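Here's the structure we're looking at; comments come further down.
The values are calculated or read from the model by the stated rules, or taken from the named source; none is laboratory data. These figures come from a predicted structure and were not determined experimentally. With ideal geometry, Cβ positions are generated from the backbone for all residues, glycine too; neighbour counts draw on all protein chains shown. Heavy atoms of the whole protein, side chains included, go into the accessibility calculation; ligands, DNA and RNA do not. Shrake-Rupley method; radii C 1.70, N 1.55, O 1.52, S 1.80 Å.
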Amino acid sequence: MTTGSHLSPPLFTAPEIQQRVDCLADDIARDYGPADFSVVSVLKGGFVFTADLIRALARRGVHPVVDFVTFSSYGASTVSSRNVTLEREFSLPVTGRRILLVDDILDSGLTLNAAKKLLYDRGALDVRVCVLLDKKARRGIPMTANYTGFHIDNVFVVGYGLDFDNRYRELPDLVALISDTPA
Ligand code: XMP
């Protein structure tokens, strides 16, 4: 346990998450149909969600190309002054392709905004966004996801791939990390 904080009871349990992932896969399978497209998973937080989502797609007969990308951000004093930079490149071509970006959480929106821009700059035909969580209250720029698992309040969430200091990614449920020190 991280000193000075504790984990809440589940905000969403593993079965609730799986149910929602299945609904998202239904929507994506319906929208993309048999057309070829690429899933680009935003690491590291998106890895568990992506793994479950692509297997839910496979159960629906949908078999996209899968790639990964990593961004890092720094200068986090204010949302608008944060810089998002590409840390690990796409490894597969994006030119002329339909892309589904998959990430754990839409927070300020800066990461997915940068990712979308980069993909269009590289010649992607169409870029859609799928997030497990949307923390709308924290949005710093206009950014919406095409597919959203759950809307959440402004709490710090860990589990199901989301971390604090690279811990708790392994938790099967989504829980809040609560500081023991009053704000
Ligand atoms: P934005 O939308 O602000 O999101 O560019 C950047 C990244 O911030 C991380 N993030 C979180 N990670 N619990 C986490 O474990 C959270 O509550 C949380 N909010 C934001 C996440 O990696 C996201 O991709």
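Brief remarks follow.
- Number of positions in region 86-113 that are in a strand (DSSP E or B), more than 9 Å from the ligand (Cβ to nearest atom) and under 27 Å from residue 34 (Cα atoms): 5
- Enumeration of residues in region 17-51 that are charged (D, E, K, R) and within 17 Å of the chain's Cα centre (by Cα): 20, 22, 27, 44
- For first residues located in region 1-24 and of a type in the set (A, V, I, L, M, F, W, C), partners that are part of a helix (DSSP H, G or I) and surrounded by 12 or more Cβ atoms within 10 Å (Cβ to Cβ) and lie 6+ apart or on another chain with Cβ distances below 6 Å form the pairs 21/52; 21/53; 21/56.
- Members of region 130-143 found to be touching a residue at least 24 places away in the same chain (Cβ under 8 Å) and loosely packed, with under 14 Cβ neighbours inside 10 Å, listed by number: 141, 142
- Pick from region 54-79, criterion modelled with pLDDT of 95 or more and assigned to a loop (DSSP other than H, G, I, E, B), ranking: surrounded by the most Cβ atoms within 10 Å (Cβ to Cβ): 64
- Candidate set: region 144-183, residues that are among the charged types (D, E, K, R) and surrounded by fewer than 16 Cβ atoms within 10 Å (Cβ to Cβ); chosen: the one farthest from residue 117 (Cα to Cα): 180
- Flag for residue 152 being within 13 Å of the ligand (Cβ to nearest atom) and within 14 Å of residue 17 (Cα to Cα): yes
- Of all the criteria given as (1) within 8 Å of the ligand (Cβ to nearest atom); (2) touching an Asp or Glu at 6+ places or on another chain (Cβ under 8 Å), the one not satisfied by residue 157 is (2).
- Any hit, region 17-40, residues being within 16 Å of the ligand (Cβ to nearest atom) and in a helix (DSSP H, G or I): yes
- Pairs linking a residue in region 48-65 that is at positive phi to a residue that is at pLDDT 95 or above, with Cβ atoms under 9 Å and 6 or more positions apart or on different chains, are 61/29.
- The residue list 12, 71, 47, 90 contains one member that is touching a Gly at 6+ places or on another chain (Cβ under 7 Å) and of a type in the set (A, V, I, L, M, F, W, C), which is 47.
- In region 114-144, residue modelled with the lowest pLDDT [restricted to those that are outside any helix (DSSP H, G or I) and out of contact with any strand residue (DSSP E or B) (no Cβ under 9 Å at 6 or more places or on another chain)]: 140
- Screening 124, 115, 51, 29 for residues that are under 26 Å from residue 164 (Cβ atoms) and open to solvent by less than 30 Å² (accessible area, probe 1.4 Å) leaves exactly one candidate, 115.
- All of 108, 91 fail the test of being of a type in the set (S, T, N, Q) and open to solvent by 50 Å² or more (accessible area, probe 1.4 Å), apart from 91.
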